[in-house]
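**Student:** Pasting a structure below so you can have a look.
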Amino acid sequence: MTDVILTINAGSSSLKFALHPVSDPLTPVLRGKATGLKRQPEFSVSVPAPCPWPIPVLDASSTHEDVARLLLDWLATHATNYNVVAVGHRVVHGGQAFTSPARITPQVVADLTDLTSLAPLHQPHNLAPVKLIAAQFPALPQVAVFDTSFHTTQDPLAKIFALPHALSEQGLVRYGFHGLSYEFIASTLPEHLGAKAGGRVIVAHLGNGASLCAIKDGKSVATTMGFTALDGLVMGRRSGRIDPGVILHLVQQRGMSVPDIEKLLYQQSGLLGVSGISNAMQDLEASDDPRAKTAIDLFCYRAAAEIAALIPALGGLDALIFTAGIGENSARTRAGICDRLGWLGITLDPAANEGAQLRINAVDARCDVLVVPTNEDAVIARHTIALALSADGQ
Ligand code: ADP
């Protein structure tokens, strides 16, 4: 029997899972996901490939809790060579209180449930598996690892809005997200950048959700997502930064309801809204439709503009790192962004960029440009081992 950590990463319409050996958390022995929840649910396994166990079929109405229950049954039936010693969960919001990962207790669950209003589309899905496992396996240690924690090092100036002070005091501030991804990339910087690892770095996490993080000395100093995960870059389905006056106009002049506006901004905008074709960059790159080109061009233009807007927080730039689905795989997007940033000393080596090599900057470029695959699960597993197993004295 191998001791493993089960990591669970529940998104708005997906639930990703993995089993990480305690002795080697970077190399999961099982990795899979249930996607398209509430639309076209599908369960798939990427490690091992092919999966020797029968793949469960999900019901069209499967909730996050249903999937978690089915996953636990499936693991109990088939993963008999593995002993799950702790479970680590990605939790989107830790509010102002959770500045580092937390061992889950009934009080922690209550405190995290209280934060639901800050992330209504994510927090309940994150907590559903936590509550299910606590009920089914009360002795199994669980750990919550937060997307917001990495940004708690930011200066107050990077966090507050120009709103009345009382609202900031009440928690209406910029929290930032994608912290697990940024923490992982930050941990790889010494290996990739040597002496420059303590320098001025921007990480571009470009997936379905997309954001940037300005990192100095390995710590977050500014980020593009704010109070919610709607702010900043153009995303697959989310608008990113828009003039808040647009929302007032939609309410006052067009009589749109709050749920309709929420749907517009979270589900119907971004690459999907602009192109009218797809939320996936891969689909847009394969399309000849001029609206697909406009969506890609806007994504790149806005990303370059937001990179420029982070420079005052850093005082310059030593390295730009691309990661996540688009950042790791789309040479066209990386070039579209970097071509607008020559003034920052960014020049790509086109062949290295097409080949998605680790280093894609031209040899004489002032700024390093790298492609580094992210690994959010590994961060969850590492923290879970540190917190759950050491607390048990194992
Ligand atoms: P999530 O935020 O759901 O974890 P991912 O990090 O998996 O998202 O990124 C998904 C995005 O990456 C989609 O837009 C997808 O089309 C894009 N992508 C994945 N592979 C490629 C590829 N080879 N070329 C272009 N885009 C890609």
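The values are calculated or read from the model by the stated rules, or taken from the named source; none is laboratory data. Keep in mind the model is a prediction, meaning the values are calculated, not measured. When we count neighbours, we look across all protein chains shown, and the Cβ atoms used for this are built from the backbone with ideal geometry, even at glycine. What goes into the accessible areas is simple: the full protein's heavy atoms, side chains included, and nothing from ligands, DNA or RNA. Shrake-Rupley method; radii C 1.70, N 1.55, O 1.52, S 1.80 Å.
**Student:** For a quick check: with amide H placed at 1.01 Å from N, whose amide H comes under 5 Å from Val369's, ignoring anything fewer than 5 positions away on the same chain?
**Tutor:** HN-HN under 5 Å from Val369: Leu320, Ile360, Asn361.
**Student:** Compute the convex hull volume of the Cα atoms of segment 289-394, divide it by the residue count, and report the result per residue in Å³ as a whole number.
**Tutor:** Spelled out: Cα convex hull of segment 289-394, divided by residues, is 148 Å³.
**Student:** If you don't mind, another one. Taking 0.36 nm per residue of sequence separation and subtracting the Cα-Cα distance, how much length would be gained by fully extending the chain between Asp339 and Ile242, in nm to one decimal?
**Tutor:** 32.5 nm
**Student:** What is the packing order of peptides 192-201, 46-55, taking the mean over residues of other C-beta atoms within 10 Å and listing the highest first?
**Tutor:** In decreasing order of mean packing, 192-201, 46-55 become 192-201, 46-55.
**Student:** Over every pair of different alpha-carbon atoms in segment 1-159, take the mean of 1/r and invert it; report that Kirkwood radius in Å.
**Tutor:** Hydrodynamic radius (Kirkwood, Cα only) of segment 1-159 equals 16.4 Å.
**Student:** Counting Lys and Arg as +1 and Asp and Glu as -1, what is the net charge of the other residues whose Cβ lies under 11 Å from the Cβ of Glu285?
**Tutor:** Charge balance in the 11 Å sphere: 0.
**Student:** Charges only on Cβ, +1 for Lys and Arg, -1 for Asp and Glu: so what's the dipole of the chain about the Cα centre, in debye to the nearest 20?
**Tutor:** Value, rounded to 20: 400 debye.
**Student:** Separate question: Suppose we keep just the DSSP beta bridges with both residues in segment 87-235; what percent of those would be antiparallel, to 5?
**Tutor:** 70 percent
**Student:** Per residue, how much accessible area does segment 224-335 show when a 1.4 Å probe rolls over the protein heavy atoms, in square angstrom?
**Tutor:** 45 Å²
**Student:** Right, another one. If the only charges are +1 at each Lys and Arg Cβ and -1 at each Asp and Glu Cβ, what is the size of the charge dipole of segment 193-269 around the Cα centre, to the nearest 20 debye?
**Tutor:** Approximately 260 debye in magnitude.
**Student:** Could you work out how far apart the two model spin labels at Met256 and Asp114 are, taking each label as a point 7 Å from the Cα in the direction of the beta carbon, and quote it in nm?
**Tutor:** 3.4 nm
**Student:** Another one. Using Cα pairs under 8 angstrom and six or more residues apart, how large is the relative contact order of the chain, in percent?
**Tutor:** 14 percent
**Student:** Now, a different point. Work out, step by step, the length gained on full extension between Ala139 and Asn83: first 0.36 nm times the residue separation, then minus their alpha carbon distance; give nm to one decimal.
**Tutor:** 18.8 nm
**Student:** Still on this structure, please answer the following. Please report, ordered by residue number, every helix of the chain (full DSSP H runs) that is 24 Å or longer along its axis going by C-alpha atoms and whose mean Kyte-Doolittle hydropathy reaches -0.5.
**Tutor:** For the chain, where a helix must reach 24 Å along its axis and average at least -0.5, the hits are 290-314.
**Student:** Another question about this same structure. What value does the chain have for Rg/Rh, both radii from Cα atoms and Rh as Kirkwood defines it?
**Tutor:** Computed over Cα atoms, the ratio is 0.96.
**Student:** I'd like the antiparallel share, as a percent to the nearest 5, of DSSP beta bridges with both residues in the chain.
**Tutor:** 60 percent
**Student:** How big is D for segment 342-391, in µm² s⁻¹ as a whole number, if Stokes-Einstein is applied with the Kirkwood radius of its Cα pairs at 25 °C and 0.890 mPa s?
**Tutor:** 186 µm²/s
**Student:** From zero up to wherever the largest Cα-Cα distance of segment 329-369 sits, split into 5 Å bins and tell me the percent of pairs in each.
**Tutor:** Binned Cα distances yield the sequence 6, 30, 37, 22, 5.
**Student:** Calculate the length of the line joining the C-alpha centroid of segment 228-270 to that of segment 95-124, in whole Å.
**Tutor:** If we compute the Cα centre of each part, the gap is 25 Å.
**Student:** Summing -39500 (n - 2.57) over the DSSP H runs of n ≥ 4 in the chain and dividing by its residue number, what mean residue ellipticity at 222 nm do you reach, to the nearest 500 deg cm²/dmol?
**Tutor:** Calculated from helices alone, the mean residue ellipticity at 222 nm is -10500 deg cm²/dmol.
**Student:** Which pairs, out of Lys33/Lys216; Lys33/Lys263; Lys159/Lys293; Lys219/Lys263, put more than 30 Å between their alpha-carbon atoms?
**Tutor:** Over 30 Å apart, Cα to Cα: Lys33/Lys216; Lys159/Lys293; Lys219/Lys263.
**Student:** If we restrict to alpha carbons, what Rg and Dmax does segment 295-334 come to, in Å?
**Tutor:** 11.2, 30
**Student:** State, to one decimal in nm, how far the label point of Thr63 lies from the label point of Thr153, with both points 7 Å from Cα in the Cβ direction.
**Tutor:** 3.9 nm
**Student:** Next question. Students often check this: by mean Cβ neighbours within 10 Å, which of 115-121, 83-89 ranks highest, and how do the rest follow?
**Tutor:** 83-89, 115-121
**Student:** Counting only DSSP beta bridges with both residues in segment 1-112, tell me the antiparallel percent, nearest 5.
**Tutor:** Around 70 percent of the beta bridges assigned by DSSP in segment 1-112 are antiparallel ones.
**Student:** Looking at Leu157, Val4, Leu26, which one has the Cα that reaches farthest to the positive end of the dipole of the chain (charges on Cβ: Lys, Arg +1; Asp, Glu -1)?
**Tutor:** Leu157
**Student:** Where in segment 349-388 are there trypsin sites (Lys or Arg not before Pro) that are in a DSSP coil and have at most 16 other Cβ atoms within 10 angstrom of their Cβ?
**Tutor:** Arg366
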